[in-house]
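One structure below.
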Amino acid sequence: MYTRSPLSTAGKVTVATLLVAAGGFVLQMLSGVTNTPTMPPGLVTLLEAAGLVALLSWRWMPVVGAFAGLFDLIAFVAIGAVGRLLELSPLSSFVGPWITCSWQ
């Protein structure tokens, strides 16, 4: 019978960082900083990747999480939101992007 192996340390770290990055994304949404759709693709990408890493026990699954974080980081730069990293007012618009970017 197949038993699921416990999540590796790399998997645990990947899931934790993806969830923290998703929390930063939610903080930005709650503060009204981003003009995103109701279900933003970046947040969905982070949460799906965290779920895949947590639930599937393949050895290369933490790489999927890393690529999801890289995808969101590239999208953050591509939409021109890097200026939010230096804008101090309001505080949530400053903290949210830093949480999202630094944990990916």
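The values are calculated or read from the model by the stated rules, or taken from the named source; none is laboratory data. A quick note: this is a predicted structure, and the numbers were derived from the prediction, not measured. Note that each Cβ is placed from the backbone with ideal geometry, even for glycine, and that neighbours are counted across all protein chains shown.
Scanning segment 39-50 turns up at least one residue that is more than 19 Å from Ser8 (Cα to Cα), at pLDDT below 80 and surrounded by fewer than 18 Cβ atoms within 10 Å (Cβ to Cβ).
Only one of these conditions is not met by Ala68: (1) under 17 Å from Gly32 (Cβ atoms); (2) modelled with pLDDT of 80 or more. Which number is it? Among (1) under 17 Å from Gly32 (Cβ atoms); (2) modelled with pLDDT of 80 or more, the lone unmet condition for Ala68 is (1).
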